[in-house]
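Here the structure is laid out as structure tokens; the discussion comes afterwards.
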Amino acid sequence: MAKQLRDEEPAAEAAEGVEVPGKSKKKLLILVGVGLLAVLLSAGGVTYMLMSGDEEVAEVELSEPARAGALYQPLDPAFVVNYTHEGRKRYLQVNVVLMGRDSEGMASVAAHMPLLRNELVLLFGSEEFQTLFSPEGKEALRERATLAVKALLEKEVGDPVIESVLFTNIVLQ
């Protein structure tokens with residue numbers, strides 16, 4: 001009877017879902033192996049992505065130098081120029097701002113402000129009033145003002161200093 005009970009115990013354990021010790025060790029080893037393989041593959045993939053990403057960032061940093069922020073120098077007060085157009089008095093009022101990126105150069109612009117203002121007044125006064133009504137005419141005036149200021153600063157300072165002349169307000173009357 002004892003022998004019969006011993007034979008029934010493995011059959012009862014198998015029926016309850018408990019596996020035989022030899023089979024469970026094999027499954028455990030297989031699961032641990034698969035888990036370890038997944039962890040190693042994930043670590044390898046992450047390492048590869050990080051290493052390849054650093055090279056791209058390093059290449060971008062080396063190829064593009066950091067650009068300095070823009071500095072703005074307003075020319076106050078606004079420029080007012082009078083015209084005679086078709087027998088009538090007309091006026092142009094322009095607020096001008098100089099944009100540059102070199103702080104030392106922009107500081108040197110202040111020393112030449114009267115000369116810059118004179119150059120711009122003469123430029124604005126030499127324009128045809130009718131051409132200033134179109135956006136293209138205003139943009140052409142802005143470009144001519146930029147070239148005139150750069151040329152003047154090149155002559156006086158030895159460096160154009162500014163990047164462009166900006167019109168923050170234009171009134172035609």
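The values are calculated or read from the model by the stated rules, or taken from the named source; none is laboratory data. These figures come from a predicted structure and were not determined experimentally. Positions of Cβ are backbone-derived with ideal geometry, glycine not excepted, and every protein chain shown enters the neighbour counts. Quick note on the areas: whole protein, heavy atoms, side chains included, nothing else; ligands and nucleic acids left out. Shrake-Rupley method; radii C 1.70, N 1.55, O 1.52, S 1.80 Å.
Once the 1.4 Å probe is applied to the protein heavy atoms, segment 100-173 comes out at 55 Å² accessible per residue. Could you calculate the FRET efficiency of A140 with A110 from 1/(1 + (r/R0)^6), where r is the beta carbon distance between them and R0 is 35 Å, rounded to 0.05? Between A140 and A110 the formula returns 0.80. Residues Y83, Y91 ordered from highest to lowest accessible area at a 1.4 Å probe: Y91, Y83. Quick one: net charge around R101, please, counting Lys, Arg +1 and Asp, Glu -1 for every other residue with C-beta under 12 Å from its C-beta. Computed value for this residue: -3.
Counting only protein heavy atoms and using a 1.4 Å probe, what share of the accessible area of segment 115-173 belongs to carbon plus sulfur, as a whole percent? Carbon with sulfur: 53 percent of the solvent-accessible area.
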